[in-house]
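To keep things clear, I will list the structure first and then write my remarks on it.
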Amino acid sequence: RIMLSIIFWDYQKYLVIAALLGFFYFAFVGSLNHFHKEMITKDQFFNSSSSDSKIDTFVALQSQTVQNTDHGDIVDALLGHFTLHIEHHLFPLMPRRNLPRISNDVMELLKQSDKNLVC
């Protein structure tokens with residue numbers, strides 16, 4: 001196997017380079033979706049007794065800790081709609097190809113919220 005890998009490296013190197021670039025781009029988009037907002041610990045969330053807390057429901061938690069990013073339709077399709085991250089967190093078992101179908105409904109839900117949770 002090792003010998004075959006060495007022999008066919010000229011044919012495989014472009015695939016390996018493309019896979020590495022794709023991985024780093026996917027990780028970069030994921031970091032944009034998750035790590036931009038103030039983080040809240042489990043204890044802060046569950047022990048919050050304040051009635052004016054920004055994060056008091058499941059929808060609030062999901063919409064305030066992640067965000068959607070817009071990279072255009074082609075990149076969005078190539079990433080499996082990974083850019084629709086609020087929808088993914090609200091409906092984690094929904095196939096990603098269906099996330100664009102519910103995106104407008106989710107944004108409407110967030111706009112109608114008392115807390116104005118639009119991201």
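Residues of segment 1-23 falling in the label zone of HIS34, defined by backbone nitrogen less than 16 Å from a point 7 Å along Cα to beta-carbon, are 23. Using the Cβ of LEU79 as centre and a radius below 14 Å, the other residues enclosed give a net charge of -2, where K and R count +1 and D and E count -1.
For ARG101 and HIS71, what is the calculated FRET efficiency with R₀ set at 22 Å and r taken between the beta-carbons, to the nearest 0.05? Using R0 = 22 Å, I get an efficiency of 0.75.
Every number here is computed from the coordinates shown, using simple stated rules; none is lab data. None of the values given here were measured: they were computed from a predicted structure. Note that we place each Cβ from the backbone using ideal geometry, even for glycine, and neighbour counts take in every protein chain shown.
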